[in-house]
Amino acid sequence: MDPGCADRPVTLPREFFARPVLDVARDLLGAHLSHGGVTLRVTETEAYAGHRDPGSHAFRGETPRTAPMFGPAGVTYVYFTYGMHWMLCLVAGQPGTAEAVLVRAGEVEQGHDVAAARRPGIRERDWCRGPARLATTLALDGSHTGRDFCRPLLGDVEPIDLTVAHGAPVADAVVRTGPRVGVSGPGGDGTAYPWRFWIDGEPTVSTYRPGVIRRRTR
DNA sequence: ATACCGATTGGCT
DNA sequence: GCCAATCGGTATC
């Protein structure tokens, strides 16, 4: 199983992310993410299929904010929402398709002291239980969007000190799928595809909340 | 120029 | 379980 590299993490190549977003979201389970002195094991992800996906920021076309999603895979898309939260996405697929994986939850494996200091008063189980909490624990914000985290580096994209490494394989038997959290609309609520992936039995997986039905005001 | 709303979270009932 | 917080992006006037 483990290709003889137990003491050194194997960084996932750009080709890993250049595949269809559903495959990337599935295979990211169990991967190791490192940034800001903390390493975690990914336990939950969600796929966003770009301009053909009503639940995606990219659905209405490219804007300065969503530009990273329209570029090559292996680049971050970190966005701000609810006036206070940052979320981490990893761009997948082919350029122009705007596919991306939202990293929703993880289990801290290294840097417990750093994480604890960064999240005072929070139980360890909740450090990365939810996309905004995960970004906070990894010390990610708007300055980290549109950055290349693969090697070799892309020429015109700023690199970032984010590592996405291979982890112990997660068997299909323990992979669960379901509708996306907090997303509504035609197809966006996950009725068309199982956009959300998580590891069965993981206490760090965020709790499911159905999307709010958006009501037209006028 | 202005109004509405969100790929959420934490606090309170 | 319910709701306020808080502000940039996007739609609408």
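Just so it is clear, none of the values below were taken in a lab; they were calculated from the coordinates. Source: prediction; values computed, not measured. Every residue, glycine among them, receives a Cβ derived from its backbone with ideal geometry; neighbour counts consider all protein chains shown.
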Quiz item: Ordered by residue, what ³J(HN,Hα) values in Hz, to whole numbers, does region A:207-212 give under the Karplus form 6.51 cos²θ - 1.76 cosθ + 1.60, where θ = phi - 60° and Gly and Pro are x?
Solution: 6, 6, 9, x, x, 6
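Sort A:46, A:202, A:109 so that the residue with the fewest other Cβ atoms within 10 Å of its own Cβ comes first and the one with the most comes last. All intermediate terms of the calculation are to be shown ahead of the outcome.
Working: A:46 25, A:202 19, A:109 14.
Taking fewest neighbouring Cβ atoms as first place, the list is A:109, A:202, A:46.
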Quiz prompt | Helical contribution to [θ] at 222 nm, DSSP H n ≥ 4, -39,500 (n - 2.57), averaged over chain A, rounded to 500 | solution = -2500 deg cm²/dmol
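For residue A:65 and residue A:212 in the same chain, what is the full-extension length gain: residue separation times 0.36 nm, less their Cα-Cα distance, in nm?
On the way: separation 147, 0.36 × 147 = 52.92 nm, distance 2.34 nm.
Extending this stretch completely gives an extra 50.6 nm.
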Quiz prompt | Rounded to 5, the percent of DSSP beta bridges in chain A classed as antiparallel | solution = 95 percent
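Where a ≥ b ≥ c are the square roots of the eigenvalues of the C-alpha gyration tensor, would you call region A:14-199 rounded, which needs a/c under 1.5, or, failing that, prolate if a/b is larger than b/c, or oblate? Write out the running numbers ahead of the final one.
On the way: a/c = 1.38, a/b = 1.20, b/c = 1.15.
It is rounded, given that a/c, with a ≥ b ≥ c, falls under 1.5.
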